[in-house]
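All of the numbers you see were taken from the coordinates with simple rules; none came from a lab. Computed from a prediction, not measured in an experiment: that's the story for all the values here. All Cβ positions, glycine included, derive from the backbone under ideal geometry; neighbour counts span all protein chains shown.
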Amino acid sequence: SSYKYKFRLEKVPAKKLRLTKPSKSAALHVDLCKASSPTDALQYLLQFARKPVEADSVEGVVRILLEHYYKETDSSVRLKIASLLGLLSKTQGFTPDCIVDDVINTLNSERSHQVLAQLLDTLLVIGTQVPESLNMRHRLIDVACKHLTDTYFGVRNKCLQLFGCLGSVDKPLPRESEGGGTGMAAKDVQSIISDYFGDQDPRVRTAAIKAMLQLHERGMKLQQIIYNQACKLLSDDYEQVRSAAVQMVWVLSQLYPESIVPIPSSNEKIRLVDDSFGKICHMVSDGSWVVRVQAAKLLGSMQQVSPHFLEQTLDKKLMSDLRRKRTAHERAKELYSSGEFSSGRKWADDAPKEKVDTTAVNLIDSGACGAFVHGLEDEMYEVRIAAVEALCALAQSSPSFAEKCLDFLVDMFNDEIEEVRLQSIHVLRQISTHITLREDQLDTVLAVLEDSSRDIREALHELLCYTNVSTKECIQLALLELLKNLTKYPTDRNSVWKCLKFLGSRHPTLVLPIVPELLSTHPYFDTPEPDMDDPAYIAVLVLVFNAAKSCPTMTALFSDHTFRHYAYLRDSLSHLVPPLRLPGRKLTSAPEASGLASSVESAQNFLKESLTRVCSVQQLDAPGAQSLLEFTIRDLQRLGELQTELAGTADFCATYLHCQLLLMKALQDKLWSVAVPLYLKQNAMVSGAAAQVLEETYKLEFLYSGLESRQIASIHHVRLQAKALQLVLLARTRRGVEPLLSACEKFLHEVDAFQRLFVTELPHFQDSFVDKLLDIMPRLAGSKPADLVKILQTTLRHSCFPQLKLPEQIRRATAAIIEPTGESDNPLRFTSGLVVALDVDATLEHVQDPQTTVKVQVLYPDGQSHVIQPKPADFRKPGPGRHRLITQVYLSHSAWTEPCQIDVKLLLAYSSSTSRSLGPRSAWNESTEGPTPLESTIEGTIPLSKPVKVFIMPKPARR
Amino acid sequence: MPEIKVTPLGAGQDVGRSCILVSIGGKNIMLDCGMHMGYNDDRRFPDFSYITQNGRLTEFLDCVIISHFHLDHCGALPYMSEMVGYDGPIYMTHPTKAICPILLEDFRKITVDKKGETNFFTSQMIKDCMKKVVPLNLHQTVQVDDELEIKAYYAGHVLGAAMVQIKVGSESVVYTGDYNMTPDRHLGAAWIDKCRPDILISESTYATTIRDSKRCRERDFLKKVHETVERGGKVLIPVFALGRAQELCILLETFWERMNLKAPIYFSTGLTEKANHYYKLFITWTNQKIRKTFVQRNMFEFKHIKAFDRSYADNPGPMVVFATPGMLHAGQSLQIFKKWAGNEKNMVIMPGYCVQGTVGHKLLSGQKKLEMEGRTTLEVKLQVEYMSFSAHADAKGIMQLIRMAEPRNVMLVHGEAKKMEFLKDKIEQEFTGISCFMPANGETTTIPTNPSVPVDISLNLLKREAAFGGPLPDPKKPRTMHGTLIMKDSSLRLVSPEQALKELDLNEHQLRFTCRVQLQDPYSDTDTLSRVYNHLKSVLKGYTVQHLPDGTVMVESIVLKVSSSAEDPNTKVVLLSWSYQVTPGCTIQGSQLPH
């Protein structure tokens, strides 16, 4: 083993030898010399470009290319060489400053404009590769200055690009060296670039603006004088120029928001940010949709704009036949305030009223007027979405604007594209803290509850959770519509209940007056007891109970059965029904309203204390240590249940300690001193423990998010211990040296890998298992397997485990399958051999990147299992840290005689790049569909949700 | 002075009978050839005798362009081409070409079969007329002849509606037809590039209106239909066969789909079914949503909308029925209305304006009792709603189009004079430098143009001149250059003088100016010359002054010669000769020679 190991280490320098062979350049040279025509040469170059070149031989290759370049008469070959130079200078590990001179030299003698442009491009590549060399930057800028007056647009483009990427950010260019004495000698980069804003070629104009933006991105403060030029470019003939100009105006508005600029053709002056806001608003009705999208997007980030201008964006003076007309929004508001809402519309109630003063009507207004009205009505949905998002951003910073844009957002609920509808619902939710919905607005919002798209409905439920309403009629209306929703789409049950929970707890005082009506109680008569299983009745109760939580007088209105139902629901749907202070009864749960924060704090303290206590475990004798660990684990588990904020952390600790406990148990057994054959049973116990620890470590590593490098190191440390244990067991049970030899080698590799991965964490592992191993590593590498095993055994038993340091917050990935519920008694019947689609609906919490990691497993009664990877589009993200999986799983099987249950559950797949584990493979890999894992990575799965049973019945096909 | 002449034969300060004559660069074009809905006599069609008193129109017109299939834009076409006589090309877009004959045939049937008119065009004439049609694609430049080219832009409004740009050399005219700047459920918004025409001829139906957002109207419409259907009532929507009907169908269809509604929607058969077929075909002419989703499902293949049968009207339960005609004055819509009018659960939605005297108009003005033929009265209990879905650009839209196209002049047609007046003022006030016209029918507007004349320049000359004064021609500064302009046939070329001489087979003549100066100098001729030479040499530093062996002195290109005058040997005559290009600053100051 040791020999083999050393041999591997020595292989590294050998590799270098091979690299220094100038094979590549030599071959190229020969090829190029052989080429009889430009076409041939081009072919060779193309072939050459396909293969990578090592860093060491780049310079040689460049020399050969340059040599050929000077000889070449065909410009297309020179062009290709020039582009190859650029490509080569990007090679990793190659510093291109040695070829700058050559490239600049070639520039001077080059006649073809295209090649010139390509050479400048090469210089650009080189320049960006070596950004810290000031000297080189100045030289390149000089070159750019010289070629800036070229007649070919491509050359000018590249020069401007060079300016943008390499132009000195700090001070004007030092130009004393240049003897040419052109007019630009004293100018700084910005004014050089801005001279090209008026270039005759639109591509050059675009490049100039982009170069300026590039300078801005690199941290140079753009001068305000270019504002006027930028504004002029907004009316350019070419969309690319306009698009870049919009960005430029926006950048300047962010840099000089408070400067004052004059309004042309009048004596007034306004703030620059207002002026530019108006101008960008104007671009929302541009001819090109690309520009419109850009303008609409940028509007969202102009929050310094004056409220007066902002509110104009939603303004559109209506007019009919020169008479002033009110918008439908205004009419709705008026009808509502006059108490006439829902009277239905009369003919001609939108008839125009007063005559408009013709001189006062401004048809193309200066800027902002109606920008969003246009944007939201745009033909392209990209523009509409951008406008909706911009509205959201602006409304979040201005409550009064939020109030105003409400009507427009509600209108967007009726858009023809679902994406837009969904987005507007989300936006309304985001700004809903600022607003209170009027009854007529709520009515429009609620109409969407009938939408057949589940996403839309759920987004709307989410919105209703955050909505404030003003009257008790609104509550009634909302409840009515939600119940209607419930009957039309029974699958929305959970979502509707949750929605009512928030609605109730937000508006207790509005619910109070309608409680008797809701519960259909009567002052004198007993009403029949409603059906407890009716989802609609549960929905009403959820609303009432949540309102009652902060309205103690409400319970007086309950009838007897309501109290009974409360007790039942509090138990079965505890997440929807809050604890209530009922008359004559004690609270069902500890008071949580008071001192919630302090209880979290105390729990945190408790957690810390437990961990320090556990730390002292080394000092105790074995049985004492074990029982201490057991107690602590139990405490932590209970703590996790009580304190949801700390559930992840507590769970994590408990699992970690459980691993320690298992290891401790496995190691303290007396079997180690006794001959092997006598203790087969013990052996099995230990190997079982080792396997379990391994499994738990994968859970620890991949199931929890928020871990830092230190915790990961601890987990890997435990895993290493488990592996060591397995190795020891292997040595004791197996005969023969071969398997042991390779196992030992693998183990040493892993130790080595641990050291490499966690160099920074090693100081925290004083006196631990790995620390001790690393101390004697050189000796280990040389020793025989039997000795190694012996060393491992003693080290395992005599090392203490490192203290677990906790990060801020650990969250455990969880998943729950909502659909199928597993309650159905009707089997899903289908013809065997064909497929049947099973709808699966699940919520995932704190799962990172679920699109790649979450899978659905189907386990058939005969032990067959299938793992299905859901489509990425099946995952939705309703909120931070939460995901929703709504997918269809295809089932198929050969015929059964009786309906049987299958298990459906979610798995979390992981893969790490550490070496292959000896541990048990999970069910997934045993299944027929599991891909064979790569040699160096372990892939496995962790069950993520509880399995749900589904009744299915594949019937034989009828002939 | 070149000019463009525009004469509206119809649609001048009026709606209907669109027909506009344009003369541009020696070409005559007729834009649209429509009929007037309001007349049943000769005034129905444009007055083609304006073009020629007798004889065919073919020799007077280079082409006819039809913007879209509405009858007020194409109704007179068979009359013009077959009865008056025109054999030249007629341009229209593919959808217009497909749908236009259906409407013309329908129009013919009503006029001839129902009203019994004679002397009207026949079915065969419609067919013959359509044979003369050349289809256009969007943004395709069609060369009518060597000089005249036309190009179609998307106009919204109805399926296949187009705006056309007509161009002769650098002069151009844009005619908008009817257009819509806001997209609707089935069509996109009109679009044009910055083509800077000499004149933009725009419709102005809604010159004095600024409309509310389309969404409110849609939502109102849907809400009403939905509520009625939920109550179990029946909804009648009288429509015209084409255009708005399809938009409303799409609106209801998608709403039914979204809301999972089950009540049936019917469409009265006939024209509409045929037209729907074409809507299905011309997907590229519809809006973004329909264009992008038609692969999965063609939006015009309605799932919920079925053909109507007379007997369905008596079926129980809720339903929605689209029926023609739109003003409830006759036909199926009126029949259904009579059946449903008595029930207050039902509803009728009028989606457009109604002409005075029709049942529709009476309903909208709030009459609750209608007198029917046969002295019966009909009590109206059902709800009457009005919903405006119009596909014309409003005042803001018109301004937006002007801003997009940047024309030099604007002409308003297809609108009422009073409203045009307002818009004309606004245009002239808000766009500086744009003048606006609104001619009445038969009134000719003449617009002087300033066409640029292209001249070919020889490459050598250009390069020589470019090398002369700086690296790049600055587009903002004019520069003078020397060359010869050759006008031959119809081409203009700018070449170098040498080449011009060669081409014209002429000898080169040099022009020199001479001048005699008399000096009083006693010395001999040669001495005087050398004295002059020395003097010049000392005075004109920085210039080359040469004393040549043939007895002349050269100062740059100026030659000096000295000879004695015949009368007085002391009086020396100095002969100065220079070519017409004198280097500035080289004038010799009349200085005295030192004695």
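Data for the structure
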item	result
Helix-only mean residue ellipticity at 222 nm for the protein assembly as shown, each DSSP H run of n ≥ 4 adding -39500 (n - 2.57), per residue, nearest 500	-13500 deg cm²/dmol
Reachable aspartates and glutamates, given that their alpha-carbon falls under 13 Å from the alpha-carbon of residue A:665 and they are not under 8 places away in the same chain	A:621, A:630
Calculated over segment A:456-506: convex hull of Cα atoms, volume per residue (Å³)	61
Farthest toward positive dipole pole in segment A:684-770 [+1 Lys/Arg, -1 Asp/Glu at C-beta], among A:694, A:715, A:770	A:694
Vicinal HN-Hα couplings computed from phi for segment B:31-39 (Karplus, 6.51 cos²θ - 1.76 cosθ + 1.60; Hz; Gly/Pro x)	9, 6, 8, x, 10, 9, 5, x, 10
Members of B:262/B:289; A:723/A:949; B:280/B:381; A:699/A:790; A:210/A:404 lying beyond 28 Å, as alpha-carbon distances in this model show	A:723/A:949; B:280/B:381; A:699/A:790; A:210/A:404
Order of A:466, A:890, A:698 - criterion: other Cβ atoms within 10 Å of each residue's Cβ, fewest first	A:890, A:466, A:698
Charge sum, other residues only, whose C-beta stays under 12 Å from residue A:508's C-beta, Lys/Arg counted +1 and Asp/Glu -1	+3
Kyte-Doolittle mean at least -0.5 and Cα axial length at least 18 Å: DSSP H helices in chain B	B:94-108, B:244-259
Neighbourhood charge, 12 Å Cβ-Cβ cut-off, centred on residue B:444 and excluding it, Lys, Arg +1 and Asp, Glu -1	-1
Two-decimal ratio, the protein assembly as shown, of alpha-carbon radius of gyration to 2.2 N^0.38 Å	1.23
Computed magnitude of the charge dipole of the protein assembly as shown (debye, nearest 20; Cβ of K, R +1, Cβ of D, E -1)	3540
Rounded, prolate or oblate (a/c below 1.5 giving rounded, otherwise prolate when a/b exceeds b/c) for segment A:742-813 by Cα gyration tensor	prolate
Charged-residue dipole, Cβ positions (Lys, Arg, Asp, Glu), segment B:70-141 about Cα centre, Debye nearest 20	120
Neighbourhood net charge (13 Å Cβ-Cβ; Lys/Arg +1, Asp/Glu -1) for residue B:488	-2
Simple Cβ-charge dipole of segment B:136-281, Lys/Arg +1 and Asp/Glu -1, about Cα centre, in debye nearest 20	960
Partner aspartates and glutamates for residue B:115 [C-alpha distance under 20 Å; skip if fewer than 8 residues away on the same chain]	B:41, B:42, B:72, B:105, B:106, B:373
Of B:97/B:292; B:114/B:234; A:80/B:151; B:234/B:362, pairs whose Cα-Cα distance is over 29 Å	B:114/B:234; A:80/B:151
Ranked list, fewest to most other Cβ atoms within 10 Å of each Cβ, for A:248, B:372, B:319	B:372, B:319, A:248
Burial ordering of A:875, A:525, fewest other beta-carbon atoms within 10 Å first	A:525, A:875
